[in-house]
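S.K.: To start, I am sharing the structure in question, which I have written as structure tokens.
The values are calculated or read from the model by the stated rules, or taken from the named source; none is laboratory data. Keep in mind that what you see is a predicted model, and the values were worked out from it rather than measured. Note that each Cβ is placed from the backbone with ideal geometry, even for glycine, and that neighbours are counted across all protein chains shown. Ligands, DNA and RNA are excluded from the accessible area calculation, which covers all protein heavy atoms including side chains. Shrake-Rupley method; radii C 1.70, N 1.55, O 1.52, S 1.80 Å.
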Amino acid sequence: QVQLVESGGGLVQAGGSLRLSCATSGRHSSNYNMAWFRQAPGKEREFVAAITWLGGDTDYADSVKGRFTISRDNTKNTMSLQMNNLTPEDTAVYYCAADSRRFVRGPQYDYWGQGTQVTVSS
């Protein structure tokens, strides 16, 4: 079992930055591929970025490529999402997810956090 807890959300003006963190705990939690998803009101949950358990591979949605950076520190059992040049379209609840096998853009990950709200004002 893996537990995930997101933090770092908040209100920011367009063009600003935020850094989200996802703290992991549980047996072998650092051995999991991890991802960020987001869900805006009235929309389906969508893929944002993913990283393999050793951090060697990353993947980004086209909408965030060049603005967001996913990273992880397995010594601290944390994963982060640095978000720069934010726009109102980035407003959503952001979720971290983990899976021992999958490294995909779909929401098939086994474990999910509760989410953290990101609001970008224009």
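S.K.: Any idea what % of Cα-Cα pairs in region 47-122 are farther than 17 Å?
M.R.: Of all Cα-Cα distances in region 47-122, 47 percent exceed 17 Å.
S.K.: Whole-Hz Karplus ³J(HN,Hα) for region 83-91, in order, using 6.51 cos²θ - 1.76 cosθ + 1.60 and θ = phi - 60°, x for Gly and Pro?
M.R.: So the J values, rounded to whole Hz, are 10, 10, 6, 5, 10, x, 5, 7, 5.
S.K.: Along the charge dipole of the chain, Cβ charges K/R +1 and D/E -1, which of 80, 1, 107 sits furthest on the positive end?
M.R.: Result: 1, furthest along the dipole toward the positive end.
S.K.: Could you rank the peptides 103-116, 85-98 by their average count of other C-beta atoms within 10 Å per residue, with the highest value first?
M.R.: 85-98, 103-116
S.K.: Which of the trypsin sites (Lys or Arg not before Pro) across region 1-68 are loop residues per DSSP, with 15 or fewer other Cβ within 10 Å?
M.R.: Of the trypsin sites (Lys or Arg not before Pro), the ones in loops of region 1-68 whose Cβ has at most 15 other Cβ atoms within 10 Å are 27, 43, 65, 67.
S.K.: Another question, if that's okay. Rounded to the nearest 20 Debye, what is the dipole magnitude of region 69-122 about its Cα centre when Lys and Arg each give +1 and Asp and Glu each give -1 at the C-beta?
M.R.: 200 debye
S.K.: Let me ask another. Solvent-accessible area per residue for region 10-65 at a 1.4 Å probe radius, Å²?
M.R.: Per-residue accessible area for region 10-65 comes out at 53 Å².
S.K.: What net charge do the residues around residue 9 carry, taking every other residue with its C-beta under 15 Å from that of residue 9, with Lys and Arg at +1 and Asp and Glu at -1?
M.R.: Neighbour charge sum, excluding residue 9 itself: 0.
S.K.: Can you tell me the dipole magnitude for the chain around its Cα centre, using point charges on the Cβ only (Lys, Arg +1; Asp, Glu -1), in Debye to the nearest 20?
M.R.: Roughly 180 debye, rounded to the nearest 20.
S.K.: Next question. When the accessible area of the chain is computed with all protein chains present and a 1.4 Å probe, what percentage of it is carbon and sulfur?
M.R.: 46 percent
S.K.: Using amide H atoms built in the peptide plane, which far-off residues or other-chain residues are under 5 Å from residue 91 H to H?
M.R.: 120
S.K.: Separate question: Mind giving me the FRET efficiency for residue 39 and residue 75? R0 is 41 Å, r the Cβ-Cβ distance, nearest 0.05 is fine.
M.R.: 0.85
S.K.: Can I ask one more? Between residue 7 and residue 61, take the C-beta separation as r, use R0 = 22 Å, and let me know the FRET efficiency to the nearest 0.05.
M.R.: It comes out at approximately 0.55.
S.K.: Follow-up question, since we're still on this one. Roughly what would the spin-label model give for residue 52 and residue 104, points 7 Å off Cα along C-beta, in nm?
M.R.: Placing both labels 7 Å along Cα→Cβ, they lie 1.8 nm apart.
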